[in-house]
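Each remark here refers to the structure printed beneath this line.
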Amino acid sequence: MKKENLITQMNMTSEELAPTKQSQIRVWNKIEAGLKKDVQIEKEPSALSKFFSKHRFLIPFLIAPVCFLVISLPLIINGNSRMNDLGDSVRQPEDSVSDEEVDVPDYFYDGDTVGKGLQPSTTREDEKYNINDNGTKEEDRAKEKTGTISIEVTDFDKKFKELNNILVEMEGFTLETRINSNYEKSGYLKVRVPVAKFDEFTAKLREISYEVVSEDISIVDKQAQMTSYEEQIAEINVKLAKPGLTQSEKAQLELQKINLQKQMGDLKKATDYATLTIYVDEHVDFDEQVSNTGDEVSKLLVDVVAFWIRVLIWIFVPVIALLPILIPGYLILRKFVRKLRKSK
Amino acid sequence: MEIHSEEKELIKRAQLSDAAALKKLYEDNFKALFKYVKYKVDSTETAEDIVAEAFTRAFENIGKFKAKSTFKTYVYTIARNLVFEWYKEKGKVTHVEDIDMLPANEEVESNDKSKEVKILLSKLPEKYKKVLEFRFLFSFSLIETAQAMNLTVANIKVIQNRALKKAREDLQ
């Protein structure tokens with residue numbers, strides 16, 4: 001067999017080996033049946049799944065932050081909503097009290113003595129209410145300030161002491177004090193502070209408080225009453241100066257004058273010092289409230305759950321924070337150990 | 001060794017489960033694969049079964065096929081393994097490389113029309129025999145032969161030349 005012959009022979013053999021058309025169809029049918037029976041075409045796994053199948057040790061590091069989020073997120077959300085609920089319940093009294101509902105003391109309607117009729121209830125915003133009817137300067141007018149402030153403080157004893165110090169600093173004095181020391185400490189304080197320092201005092205009061213629960217300040221203008229007293233005294237003085245008065249008439253006028261002076265003195269006292277009633281309550285955290293209202297078992301359960309959540313957070317937070325160092329560190333160490341083993 | 005862009009396109013379509021593309025790939029490569037398997041197992045029925053199984057496996061895993069080699073080489077590798085399994089079940093081979101030695105001299109039937117060629121090829125060195133088989137029996141291109149044998153095209157050309165020279169010398 002020559003070279004050409006060999007190739008020709010091989011080609012002929014190749015032809016002999018070649019399948020028939022029927023054979024090709026039969027095989028195709030088998031393939032089709034096999035594909036339909038078994039599978040869909042299997043796709044090449046993605047680069048990400050390849051990476052994770054190669055570096056399985058990374059999976060826990062990725063699961064950890066997800067778990068942390070899953071655990072902490074509801075807690076954070078729930079915690080916020082609970083705090084909001086608490087806040088709402090605390091703020092509610094303040095919000096619900098409208099101007100019409102403010103309990104106005106009797107002396108508030110003392111208008112007939114000053115000849116001005118009923119005085120409107122004034123709030124802090126109404127302080128600049130224009131009653132400058134007789135030419136007296138606004139700041140010089142005799143005003144009677146009274147009010148009630150309800151505050152919450154974090155450390156009751158400390159803040160109560162602080163409050164007294166402020167009072168002394170403002171040259172005020174205490175009229176009445178009452179302290180209840182049950183589970184939640186609360187106190188009641190009736191104080192008098194110079195009208196000039198009233199605003200400064202209330203501002204400092206707000207500063208030391210955790211939250212101002214409610215605040216109601218009333219201002220009554222007594223300038224007209226004061227002027228009336230002054231005018232009456234001046235009238236009496238004029239009458240007393242007139243000649244021809246009998247002894248009994250003089251004595252009567254003197255008595256009237258003394259009474260008016262006394263009333264004027266009282267009025268001056270009332271307008272020189274403002275009266276403020278302060279209700280101080282100790283601020284209670286939500287957890288403490290729960291424990292206070294709930295029974296012992298639920299309290300214990302809440303404590304245990306809270307403890308374990310704290311423990312978990314204390315574990316997870318450092319692990320997550322150190323991940324950027326831990327992972328490369330681990331990889332470098334692993335490479336180093338492998339090299340060491342190889343060299344050995 | 002880049003594969004033809006037309007085949008690349010077909011593979012891409014086949015990876016998206018395009019039935020027409022799958023059929024085209026089958027039609028383009030069936031003949032050569034069948035020849036190879038039939039040559040090795042010497043039975044049309046068995047060859048049909050093995051080729052069908054080889055194509056089925058190739059299509060199932062076409063998603064993983066990166067088209068770095070030709071599709072024919074890919075299916076050939078599967079078919080070669082299936083032939084090995086078939087022979088292994090019969091207890092005739094223990095290693096997949098043994099497949100390349102088949103059919104052995106004693107297995108060649110006396111009434112086989114290609115007897116002469118088989119005897120001649122079996123006398124040649126393994127590499128030479130394989131190149132000639134791929135090139136002239138199974139109709140593999142130079143590239144496909146190179147890929148199937150894990151050699152370069154230049155190597156295949158040299159081996160083919162030397163193999164034919166050796167065969168001629170043996171004949172004389």
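The values are calculated or read from the model by the stated rules, or taken from the named source; none is laboratory data. Treat the numbers as computed from the prediction; the structure is a model and nothing was measured. Neighbour counts are summed over all protein chains in view; Cβ atoms, including those assigned to glycine, are modelled from backbone coordinates with ideal geometry. For accessibility, only protein heavy atoms count, side chains too; no ligands or nucleic acids. Shrake-Rupley method; radii C 1.70, N 1.55, O 1.52, S 1.80 Å.
If I model a spin label at B:K24 and B:S141 as a point 7 Å from the Cα along the Cα→Cβ vector, what separation in nanometres do I get?
For the pair B:K24/B:S141, the computed spacing is 1.5 nm.
Per residue, how much accessible surface does region A:243-283 expose to a 1.4 Å probe? Answer in Å², no decimals.
Counting only protein heavy atoms, the per-residue value for region A:243-283 is 64 Å².
Which peptide among A:190-201, A:218-229, A:233-244 comes first, and what is the full order, when sorted by highest mean count of other Cβ atoms within 10 Å?
By packing density, highest mean first, the sequence is A:218-229, A:190-201, A:233-244.
With a 1.4 Å probe on protein heavy atoms only, tell me which residues of region B:48-64 lose at least 20 Å² of accessible surface in the complex relative to the chain by itself.
For region B:48-64, once contacts with the other chains are taken into account, B:E48, B:D49, B:A52, B:T56, B:F59, B:E60, B:G63, B:K64 lose 20 Å² or more.
How far, in degrees from 0 to 90, does helix B:153-171 lean away from the longest principal axis of the Cα atoms of chain B, to the nearest 10?
30
Between A:F61 and A:T246, 0.36 nm times their residue separation minus their Cα-Cα distance comes to what?
55.8 nm
Given the Cα-Cα distance of A:Y330 and A:E207 and 0.36 nm per residue of separation, how much length would full extension add, in nm?
Between A:Y330 and A:E207, full extension yields 39.0 nm more.
Computing the accessible area with a 1.4 Å probe over protein heavy atoms, can you report the carbon and sulfur percentage for region A:187-344?
That fraction is 61 percent.
In terms of modelled amide H atoms, which long-range or inter-chain residues lie less than 5 Å from the amide H of A:E144?
When sequence neighbours closer than 5 places are left aside, the close amide H contacts are A:V220, A:D221, A:K222.
Heavy-atom accessible area per residue, region B:9-105, 1.4 Å probe: how many Å²?
43
Check cross-link reach from A:K242 to the lysines: straight Cα distance under 28 Å, and skip same-chain residues fewer than eight apart.
The qualifying lysines are A:K250, A:K257, A:K262.
In whole Å, how far is the Cα centre of region B:134-172 from that of region B:45-62?
Measuring centre to centre over Cα atoms gives 26 Å.
Quantify how strongly other chains surround peptide B:163-170 by giving the mean number of their Cβ atoms within 10 Å of each of its Cβ atoms.
3
List the pairs from A:K54/B:K66; A:K50/A:K335; A:K50/B:K127 whose alpha-carbon separation is above 27 Å, in the order I gave them.
Among A:K54/B:K66; A:K50/A:K335; A:K50/B:K127, the Cα-Cα distance tops 27 Å for A:K50/B:K127.
B:R168 to B:N155: extension gain in nm, 0.36 nm per residue of separation minus the Cα-Cα distance?
In short, 2.7 nm is gained.
Just the number, please: buried accessible area between B and A, total of both chains, 1.4 angstrom probe, nearest 100 square angstrom.
For B against A, buried area totals roughly 3500 Å².
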